[in-house]
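Trainee: I have a structure I would like to understand better, so I am pasting it below and will then ask my questions one at a time.
The values are calculated or read from the model by the stated rules, or taken from the named source; none is laboratory data. This one's a predicted model, so the numbers in the text were calculated from it and none came from an experiment. Here the Cβ positions follow ideal geometry from the backbone for every residue, glycine too, while neighbour counts run over all protein chains shown.
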Amino acid sequence: MTLKPLTMTKAIILSAGQGRRLLPFTENQPKCLLSVGGKTVLQWQLDALLATGIREITVITGFHSDLVEQLLQSEYAGNNRVRILYNPFFNVSDNLASCWLGRSSMDGDFLLINGDTIFEHSVLERVLASPSAPVTLTVDFKADYDEDDMKVELDGLQVRHVSKILGTEQSHAESIGMLYFRENGPQQFRNTIEEAMRKPAGLKSWFLSVVDAMADENLVRACSVSGMRWAEIDFIADLEAAEKLLVS
């Protein structure tokens, strides 16, 4: 079966941050350039997206953007599907500002991916083949959720809330850092970002706070990737765990 999203969908990767919790490995390079199994985190993402047929990929950079540019020039030279967008406010902002800078790419179906999430191809394929919704939030499940998890409250597959501060009884799943916007979702997301960035707190906000607001309007649906291989790179221990999981 040929899927329309494979030829029409864009992708935005949020890779502006340094990753201070990964020091000293990120002292002189962003965490998207950390190596997992002989490939950088960014290469894992780009290779999966390109193999799946995503037509345009925007990598939003910040900390040591020059090194990301060098990687793209050496490994993806001549590939006109990948471009860089520099966030000059990366050191004083959170990722909502990066989304605001990338809003011109939100003119149709698009994937939004955290720069520290790596995944096998099947994860991406499942999300792209998921039932259409304005926003599809990719989730996984585990026995217990800690304070660092981006927790998700579900009503069936409908997302009610997504936040790090959800209580135990509300924490039904965790976001893996991959979202798919379709239907009126791109326009709604772009409009809500614009509104949020006009407020003083906007510069220091996470984009998932916007998604949480959209969930209040019944616009967000979950897509489970339970049993599939993915990893989030937040701490040094995550690097070794990701390598064991994905390189086998």
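Trainee: Select from the range 196-248 the residues that are part of a loop (DSSP other than H, G, I, E, B) and closer than 23 Å to residue 182 by Cβ and list them in ascending order.
Mentor: Within the range 196-248, 206, 216, 217, 218, 219, 225, 226, 228 qualify.
Trainee: Just for strands (runs of 3 or more DSSP E) wholly inside the range 127-186: which have at least 1 residues that are without any contact (Cβ under 8 Å) to a residue 60 or more places away in the chain and more than 17 Å from residue 234 (Cβ to Cβ)? Break it down into steps so the answer makes sense when it comes.
Mentor: Working: elements: 135-140, 151-155, 158-163, 173-181.
Hits in the range 127-186: 151-155, 158-163, 173-181.
Let's see how each residue does on (1) in contact with a Leu (Cβ under 7 Å, 6 or more places away or on another chain); (2) surrounded by fewer than 19 Cβ atoms within 10 Å (Cβ to Cβ); (3) among the β-branched types (Val, Ile, Thr); (4) on the phi > 0 side of the Ramachandran plot:
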| position | (1), (2), (3), (4) |
| --- | --- |
| 185 | yes, no, no, no |
| 206 | yes, yes, no, no |
| 219 | no, no, no, no |
| 226 | no, yes, no, no |
| 229 | yes, yes, no, no |
| 237 | no, yes, no, no |
| 245 | no, yes, no, no |
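Trainee: Moving on to the next point. Output the residues belonging to the range 126-181 that are out of contact with any strand residue (DSSP E or B) (no Cβ under 8 Å at 6 or more places or on another chain) and among the charged types (D, E, K, R).
Mentor: Selection gives 144, 146, 147, 148, 155, 169.
Trainee: How many residues does the range 189-202 contain that are over 18 Å from the mean Cα position of the chain (by Cα) and touching a residue at least 24 places away in the same chain (Cβ under 8 Å)?
Mentor: Residues flagged as over 18 Å from the mean Cα position of the chain (by Cα) and touching a residue at least 24 places away in the same chain (Cβ under 8 Å) within the range 189-202 amount to 4.
Trainee: While we're on this one: Quick one: which of 88, 24 is modelled with pLDDT under 95, in contact with a Gly (Cβ under 9 Å, 6 or more places away or on another chain) and not β-branched (Val, Ile, Thr)?
Mentor: Only one candidate passes the filter, namely 88.
Trainee: Take the residues in the range 23-44 that are out of contact with any Ser or Thr (no Cβ under 9 Å at 6 or more places or on another chain) and β-branched (Val, Ile, Thr); name whichever of them is farthest from residue 68 (Cα to Cα).
Mentor: 36
Trainee: Looking at the range 116-158, which of its residues are crowded, with 19+ Cβ neighbours inside 10 Å, polar (S, T, N, Q) and within 23 Å of residue 32 (Cα to Cα)?
Mentor: 117, 138
Trainee: If you go through the range 93-114 one residue at a time, do you hit one that is surrounded by fewer than 15 Cβ atoms within 10 Å (Cβ to Cβ) and without any contact (Cβ under 8 Å) to a residue 40 or more places away in the chain?
Mentor: yes
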